[in-house]
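See structure below.
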Amino acid sequence: METPVESTRERLLNVAEQRFGEGGYEGTSLRAITVAAAANIAAVNYHFGSKEALLRAAVARAMAPVNTERRRRLDQLEAKGRPTAEQLIRAFVEPGLELVLRRGERGPMVARFIGRIAFDPSQRIRELYAAESDPVEARYLAALQAALPRAAPESVAFGYVNMLGLLALHQSQALTRPPGDPVDPADDPGKLAENLIAFLVAAFDRGLRA
């Protein structure tokens, strides 16, 4: 059984994910979060210390399983030799969609939160997000550059940044689905992953071909 202290902390994190995902960091007041979480500013200060620290804790909680799975897949691929660009793209994209979007009712909310914070207008907030994601992302960039030796490293980096951006757009649900599109990422993240992987593989192949 959770203690009241644990329950309050979880409520604050859950509401922070929802509100930051909807309104961004600057557009979300700490008061709005505390009211929705049936808490108060003192509770935020006790558990986290500040609004930014609350965001940092929410990002760390949301990204932990994604980072763990990405790291596991990359370790597995590299243990077998040099992975291909397609294998690396799949190993990176699938955890970003599947592990986030399949978290039950909270899935779409967590996905929207991660996608929104990853490209927040504030450089400080982007840096905060990067602190949680950069270690494993740096490994993937290096692996992609090794998998595409004929392409200039800066060209691979350009493609990689665009891959991150496109994935974040899907996670945040910022892209408008075309009429009649049968793929709802909340219902079928696997299908979305396959479509996105195929698109990215083709983009890397055409854009980085020597």
Quote the accessible area belonging to residue 199 in square angstrom, nearest 10, computed with a 1.4 Å probe and with ligands, DNA and RNA left uncounted.
130 Å²
Any idea of residue 141's accessible area? Nearest 10 Å², probe 1.4 Å.
40 Å²
In deg cm²/dmol, rounded to the nearest 500, the helical mean residue ellipticity at 222 nm of the chain, built from -39500 (n - 2.57) for every DSSP H run of length 4 or more, is -23500 deg cm²/dmol
Solvent-accessible surface (1.4 angstrom probe) belonging to residue 126, in square angstrom, nearest 10
90 Å²
Given (1) 0.95; (2) 1.01; (3) 0.93, the label whose value is Rg/Rh (Cα atoms, Kirkwood Rh) derived from this model:
(2)
List the residues of segment 68-98 whose backbone N lies under 15 Å from a point placed 7 Å from the Cα of residue 157 along the Cα-to-Cβ direction.
none
Taking the Cα centre of the chain as the origin, how large is its charge dipole in debye, to the nearest 20, when only Lys and Arg (+1) and Asp and Glu (-1) carry charge on their Cβ atoms?
260 debye
Would you kindly state how much longer the chain becomes between residue 194 and residue 46 on full extension, computed as 0.36 nm times their sequence separation minus their alpha carbon distance, in nm to one decimal?
48.9 nm
Rounded percent of accessible protein surface that carbon and sulfur make up, the chain, 1.4 Å probe:
54 percent
Which order do 124, 82 take when ranked by solvent-accessible area (1.4 Å probe, heavy atoms of all protein chains), largest first?
82, 124
Put +1 on the Cβ of each Lys and Arg and -1 on the Cβ of each Asp and Glu in the chain; which of 79, 121, 97 then has its Cα farthest toward the positive end of the dipole?
79
Residue-normalised accessible area of the chain, expressed per residue, 1.4 Å probe, Å²:
51 Å²
Order 80, 191, most accessible first, counting only protein heavy atoms with a 1.4 angstrom probe.
80, 191
Does segment 1-122 come out rounded, prolate or oblate by the C-alpha gyration tensor, with a ≥ b ≥ c the root eigenvalues, rounded set by a/c under 1.5 and, if not, prolate when a/b is larger than b/c and oblate if not?
prolate
Please arrange 46, 25 by accessible surface area, largest first, computed with a 1.4 Å probe and ligands excluded.
46, 25
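The values are calculated or read from the model by the stated rules, or taken from the named source; none is laboratory data. Keep in mind that this is a model prediction, so the values were computed, not measured. Counting neighbours? That spans all protein chains shown, and the Cβs are built from the backbone with ideal geometry, glycine included. Surface accessibility is based on the protein's heavy atoms, side chains included, excluding ligands, DNA and RNA. Shrake-Rupley method; radii C 1.70, N 1.55, O 1.52, S 1.80 Å.
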